[in-house]
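Below is one structure; the comments refer to it alone.
The values are calculated or read from the model by the stated rules, or taken from the named source; none is laboratory data. Just so you know, these numbers come straight off a predicted model, no measurement behind them. No Cβ is skipped: glycine too gets one built from the backbone with ideal geometry, and neighbour counts run over all protein chains shown. Protein only, heavy atoms only, side chains kept; ligands, DNA and RNA dropped before computing areas. Shrake-Rupley method; radii C 1.70, N 1.55, O 1.52, S 1.80 Å.
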Amino acid sequence: MSREFSNYDLVVISVSQAIELIKNGECAKAAKILDHAVELADAIEDLTRKFFAFLQLARTYMMLDNKSKAEELLESIDSELKGRVSLEDEFYRLIIRAEKIKFGLVSQLKLKEELEDIRMRFEDLLRRSNNRIDILRHYLAFIILLWGPILMGIDIQRVERVLTRLTRDYHSLGADPQYGEIITLLAEGICSYGEI
């Protein structure tokens with residue numbers, strides 16, 4: 001029984017191939033595969049699958065140090081979300097904004113303001129979604145990987161307050177193998193930031 005691959009499946013396969021090629025130093029071949037994968041992604045009709053296809057492609061273009069193409073892909077999927085107001089759409093927009101920070105696409109002058117706005121919007125989204133697990137997962141990753149390390153050098157007291165509150169609010173997740181390590185990282189973050 002053979003199964004026909006969807007455009008999304010083909011994008012995922014292409015991204016995997018491109019990553020292997022990049023690791024082997026074959027960047028020109030990787031770029032060619034990614035360029036074709038963008039065409040496949042653009043034809044995806046399901047917005048959720050299209051969003052994640054574009055996100056994977058943008059991240060892989062960053063591995064090629066092609067920041068302009070990564071930004072173009074993020075802007076493209078962001079424009080498709082314009083005017084949409086569901087929780088899902090808000091969630092995707094926050095992911096895009098976080099990726100722009102990760103890719104270095106936000107100016108230093110606006111960085112603190114952007115980080116804080118994303119954090120507050122994530123917290124609002126979590127409240128309205130009743131702590132939906134996929135939103136919580138992205139939020140905690142945002143705090144640990146981007147917000148905390150960047151804000152630490154700007155406003156250490158705010159970082160300590162937020163990490164202390166998150167550790168308190170989500171301490172019950174410590175028993176969950178998927179989140180135990182994250183809660184430990186939050187707690188360690190409080191201790192290490194306090195020593196600076």
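Criterion applied to Arg137, Arg121 was being in a helix (DSSP H, G or I), within 12 Å of the chain's Cα centre (by Cα) and more than 19 Å from Phe103 (Cα to Cα), and the one residue passing it is Arg137.
Of Leu40, Leu21, which residue is closer than 17 Å to Ile77 by Cβ, of a type in the set (A, V, I, L, M, F, W, C) and not in a loop (DSSP other than H, G, I, E, B)?
Answer to the selection: Leu40.
Quick check: anything in the range 104-114 open to solvent by less than 20 Å² (accessible area, probe 1.4 Å), modelled with pLDDT of 95 or more, closer than 21 Å to Ile143 by Cα and not acidic (Asp, Glu)? No; the residues of the range 104-114 include none that is open to solvent by less than 20 Å² (accessible area, probe 1.4 Å), modelled with pLDDT of 95 or more, closer than 21 Å to Ile143 by Cα and not acidic (Asp, Glu).
When the residues of the range 1-52 are filtered to those that are of a type in the set (D, E, K, R) and in contact with a helix residue (DSSP H, G or I) (Cβ under 6 Å, 6 or more places away or on another chain), which remaining residue is most open to solvent (accessible area, probe 1.4 Å)?
Pass one, the range 1-52, residues of a type in the set (D, E, K, R): 3-4, 9, 20, 23, 26, 29, 32, 35, 39, 42, 45-46, 49-50.
Restricting the remaining residues to those that are in contact with a helix residue (DSSP H, G or I) (Cβ under 6 Å, 6 or more places away or on another chain) gives 29, 49.
On the way: Lys29: 119, Arg49: 103 Å².
Filtering the range 1-52 for residues that are of a type in the set (D, E, K, R) and in contact with a helix residue (DSSP H, G or I) (Cβ under 6 Å, 6 or more places away or on another chain), the one most open to solvent (accessible area, probe 1.4 Å) comes out as Lys29.
Residues in the range 82-103 that are open to solvent by 20 Å² or more (accessible area, probe 1.4 Å) and more than 12 Å from the chain's Cα centre (by Cα): Lys82, Gly83, Arg84, Val85, Ser86, Leu87, Glu88, Glu90.
For the range 53-80, the set of residues classified as open to solvent by 80 Å² or more (accessible area, probe 1.4 Å) and within 20 Å of Glu20 (Cβ to Cβ) consists of Arg59, Met63, Asp65, listed by residue number. When Arg128 is tested against the conditions (1) at pLDDT below 90; (2) open to solvent by 40 Å² or more (accessible area, probe 1.4 Å); (3) more than 19 Å from Gly104 (Cβ to Cβ), the lone failure is (1). Identify all residues within the range 42-73 that are under 16 Å from Phe5 (Cβ atoms) and more than 18 Å from the chain's Cα centre (by Cα); write none if there are none. Ala43, Ile44, Glu45, Asp46 - these are the residues of the range 42-73 that are under 16 Å from Phe5 (Cβ atoms) and more than 18 Å from the chain's Cα centre (by Cα).
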